[in-house]
Amino acid sequence: MSEVREMTIQFPYKRSLGPVVGAFMTALTEQRILGIRNGEQVICPPIEWDPATGNELAHDFVDVGPAGTVESWSWVAKPSEQHPLDHPFAFALIKLDGATTSILHAVDAGSIDAMSTGMRVAPRWKGTRVGHITDIDAFVPGEASEVAGDDTGPAAEPVEMMDYNASIAYTLPVTANELRAEQANVEGRFLGLKCPKCARLYTGGRGFCPIDAIELGPADEVDLPQKGVITNYTIIEPVPYPGQTMTEPFARVMVLLDGADIVLGYQPTIDLAVTDLHIGIRVEAVWASDAELDDLASTAEGRLLGWIPTGEPDVTDPDLVNRIY
Ligand SMILES: [Zn+2]
């Protein structure tokens, strides 16, 4: 049995726009498009620096467009969820009237046959504008601007920040061995695999012996020890970011399992102050009870809550520090 999981990784952050891009975004909420003068040129979208010399440009803004001419375009036949429109459209370089450079934006022409270099387009504004390039829903063929839906007017304050959500969606194949290792975690066990040839022990998800290049499966499964020793650690000072739930410094430790040549990395600790943390502490695994499990957020550790000191004397082997894998 194997399966595939849909995964999404997101990096939400805020970006400060500065005096030039901020002015451009603020103007978008007013259904205006700003360029910036650079000698004889009018650059749109405006930038802070002369692209040829790197010199700072004076904030000499000029209204351009709103209509313009398509200089070049590329048809998007199958838009993905990241695209600005959910139906086929063109990405186009559009030289707005009065500008000497072109802006990249979507053209909603209906079909590829309606697209041509040199065609005239005008913005279709969103009714509610927040100070973002997508305040222009898309450009449409013709000379006249449009507003989609009810116009809620310009922004009350100058736009100085922009929310940005970098996001990647991907699919991850999950092997049968990984599924059994997850099931063992649910049962409060660490699943291991013992190579029948070299007798080395591995964590259960791996599925092969890299030394002997042979597959390892259910017949090779063993339970790994639940006690070990801390060989190394990292103390993390949490910085606030969306989704961060930690407020105090916390530790992640490497645990060398007893009687096995296996180090589990990035493990959480329990009842162990970061100020007391050191190499050589004996620890054992603590698993969530059924009642605690209901309160647990989904984490990489699954049912494992963390590693708690056993109270046994420290291990003093000076080579421990080198065991990080
Ligand atoms: Zn082997």
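The values are calculated or read from the model by the stated rules, or taken from the named source; none is laboratory data. Remember, predicted model here, so these are calculated numbers, not experimental data. So basically every Cβ, Gly included, is an ideal-geometry build from the backbone, and we count neighbours across all protein chains shown. We work out accessible area using only protein heavy atoms, side chains counted, and drop any ligands, DNA or RNA first. Shrake-Rupley method; radii C 1.70, N 1.55, O 1.52, S 1.80 Å.
Worth a mention:
- Flag if R323 is open to solvent by less than 70 Å² (accessible area, probe 1.4 Å) and either under 24 Å from G205 (Cβ atoms) or among the aliphatic types (A, V, I, L, M) (or both): yes
- Take the conditions (1) open to solvent by less than 50 Å² (accessible area, probe 1.4 Å); (2) of a type in the set (V, I, T); (3) farther than 23 Å from P12 by Cβ; I235 misses just one of them, which is (1).
Conditions tested, residue by residue: (1) open to solvent by less than 20 Å² (accessible area, probe 1.4 Å); (2) farther than 21 Å from M25 by Cβ.
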| site | (1), (2) |
| --- | --- |
| A77 | no, yes |
| T128 | no, no |
| G142 | no, yes |
| E146 | no, no |
| V159 | yes, no |
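- Those strands (runs of 3 or more DSSP E) of the range 1-100 in which at least 2 residues are over 27 Å from the mean Cα position of the chain (by Cα) and under 28 Å from S116 (Cα atoms), considering only elements entirely within it, cover 33-38, 41-43, 61-64, 68-76, 89-96.
- Scan of the range 216-227 for residues that are away from the ligand (no atom under 16 Å from the Cβ), surrounded by 15 or more Cβ atoms within 10 Å (Cβ to Cβ) and of a type in the set (D, E, K, R), ordered by number: K227
- Within the span defined as the range 249-261, one or more residues are within 16 Å of the ligand (Cβ to nearest atom) and either surrounded by 12 or more Cβ atoms within 10 Å (Cβ to Cβ) or not small (G, A, S) (or both).
- One residue from A169, A155, A106 being in a loop (DSSP other than H, G, I, E, B) and in contact (Cβ under 8 Å) with a residue 12 or more places away in the chain: A155
- Within the range 168-215, the only residue that satisfies the criterion of being within 11 Å of the ligand (Cβ to nearest atom), among the aromatic types (F, W, Y) and closer than 18 Å to V263 by Cβ is Y202.
- Some residue of the range 46-63 being touching a residue at least 12 places away in the same chain (Cβ under 8 Å) and in contact with a Ser or Thr (Cβ under 7 Å, 6 or more places away or on another chain): no
- Selection count, the range 128-143, where residues are free of Cβ contacts under 8 Å to residues at least 60 places away in the same chain and over 13 Å from V107 (Cα atoms): 1
- Conditions (1) open to solvent by 20 Å² or more (accessible area, probe 1.4 Å); (2) at positive phi: number failed by T171: (2)
- In the range 191-212, the residues that are among the hydrophobic types (A, V, I, L, M, F, W, C) form Cβ pairs under 6 Å with partners that are near the ligand (Cβ under 8 Å from one of its atoms) and open to solvent by 60 Å² or more (accessible area, probe 1.4 Å), at six or more places apart or across chains, as follows: C198/I211.
- Scope the range 5-22; condition open to solvent by less than 90 Å² (accessible area, probe 1.4 Å), in contact (Cβ under 8 Å) with a residue 60 or more places away in the chain and farther than 18 Å from Y164 by Cα; matching residues: R5, M7
- Matching residues, the range 77-92, being touching a Leu at 6+ places or on another chain (Cβ under 8 Å) and within 12 Å of A109 (Cβ to Cβ): F91, A92
- Residues satisfying the stated conditions in the range 34-62, i.e. open to solvent by less than 60 Å² (accessible area, probe 1.4 Å) and out of contact with any helix residue (DSSP H, G or I) (no Cβ under 8 Å at 6 or more places or on another chain): G35, N38, V42, I43, C44, D50, G54, V62
Yes or no, residue by residue, for (1) closer than 26 Å to F208 by Cα; (2) modelled with pLDDT of 95 or more:
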position: T231; (1), (2): yes, yes
position: P238; (1), (2): no, no
position: E248; (1), (2): no, no
position: L256; (1), (2): yes, yes
position: G280; (1), (2): no, yes
position: D290; (1), (2): no, no
position: G302; (1), (2): yes, no
position: P318; (1), (2): no, no
